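Enquirer: One structure, as structure tokens, below. Some questions next.
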Amino acid sequence: QKEVEQDPGPLSVPEGAIVSLNCTYSNSAFQYFMWYRQYSRKGPELLMYTYSSGNKEDGRFTAQVDKSSKYISLFIRDSQPSDSATYLCAMSLQLDAGNMLTFGGGTRLMVKP
Amino acid sequence: DTGVSQDPRHKITKRGQNVTFRCDPISEHNRLYWYRQTLGQGPEFLTYFQNEAQLEKSRLLSDRFSAERPKGSFSTLEIQRTEQGDSAMYLCASSLAQGRQYFGPGTRLTVT
């Protein structure tokens, strides 16, 4: 079993829909949680960065962390065709211990006009 | 452009050949990371440097792989005696100590 699990999709939604992307993890020591967006044949781009449990909002994006359930989510409001990409969750233990990231497998999102 | 750059972007090689990739991090970033990403999977950590010191290596990094960061700036990743299983995207990321990681565009390796 992988440390971080993510539904691979693809997830297809109409333009304007609210998208929910999720990851579960097994290592309760993870403290830092990130969401990256990756377009085809490009490197991952950081979208959201959160520490411990709670919510964080940035424009159309909201990240949620529930450490008690070992579950994190990314919500995208008013989805656009330009949001079509693979979304990767990532997490790390301690920033001062190297901060190596453990990624989920990615969810491919397609937003149809 | 002051982002992370990687060279080459795509490398095709025959099994058994050696290949070397280069990564130029964001200037003043003292940490540099290498990850490998296979098709349909998320990136997997390989190794990281703080300045010129290689501080951590994953079990994924077999003895055919070697990475250097000689002056604490750019880094190279060499794969000796390539195998078809080495075909993947090799990603480099850099950060300030304890900071967020910024990824380069990757080098796609195809071993035939």
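Bear in mind that the values in this text are calculations on the coordinates, not laboratory data. Predicted model, so just to flag it, every value in this text is computed and none were measured. Heads up, the Cβs are rebuilt from the backbone with ideal geometry, glycines too, and the neighbour counts pull from every protein chain shown.
Enquirer: Express the Stokes-Einstein translational diffusion coefficient of chain B in µm² s⁻¹, to the nearest whole number, given a Kirkwood radius over alpha-carbon pairs, 4 °C and a viscosity of 1.567 mPa s.
Expert: Translational diffusion coefficient: 93 µm²/s.
Enquirer: Now for a separate question. Most mobile of A:Arg41, A:Arg60, A:Arg77 per a Gaussian network model of chain A (Cα springs, under 10 Å)?
Expert: In this elastic network of chain A, the residue with the biggest mean-square fluctuation among A:Arg41, A:Arg60, A:Arg77 is A:Arg41.
Enquirer: Here is a follow-up. For B:Thr47, which sequence-distant residues (separation of 5 or more, or a different chain) have an amide H within less than 5 Å of its own amide H, given hydrogens modelled in the peptide plane?
Expert: Answer set, sorted by chain and number: B:Trp34, B:Ser58.
Enquirer: Using the basic label-point model (7 angstrom from Cα toward the beta carbon), what is the B:Leu55 to A:Ser28 distance in nanometres?
Expert: 2.7
Enquirer: For each pair in A:Lys42/B:Lys57; B:Lys11/B:Lys71; A:Lys42/B:Lys11, compute the distance between the two Cα atoms and list the pairs where it is over 19 Å.
Expert: A:Lys42/B:Lys57; B:Lys11/B:Lys71
Enquirer: So how far apart, in nm, are the two label points at A:Asp78 and B:Arg100 if each is 7 Å from Cα heading toward Cβ?
Expert: 2.1
Enquirer: Next question, about the same structure. For the protein assembly as shown, evaluate the Debye formula with one uniform point scatterer on each Cα (no solvent term) and list log10 I(q)/I(0) at q = 0.11 Å⁻¹, rounded to two decimals.
Expert: One equal scatterer on each Cα of the protein assembly as shown leads to -0.55.
Enquirer: Now for a separate question. B:Gln80 to B:Leu39: FRET efficiency via 1/(1 + (r/R0)^6), r the Cβ-Cβ distance, R0 22 Å, to the nearest 0.05?
Expert: 0.45
Enquirer: As a test of understanding, state the convex hull volume per residue of region A:3-113 from its alpha carbons, in Å³.
Expert: For region A:3-113, the hull spanned by Cα atoms encloses 93 Å³ per residue.
Enquirer: Could you tell me the calculated FRET efficiency between B:Thr20 and A:Glu15, based on Cβ-Cβ distance and R0 = 45 angstrom, to the nearest 0.05?
Expert: The value I calculate is 0.55.
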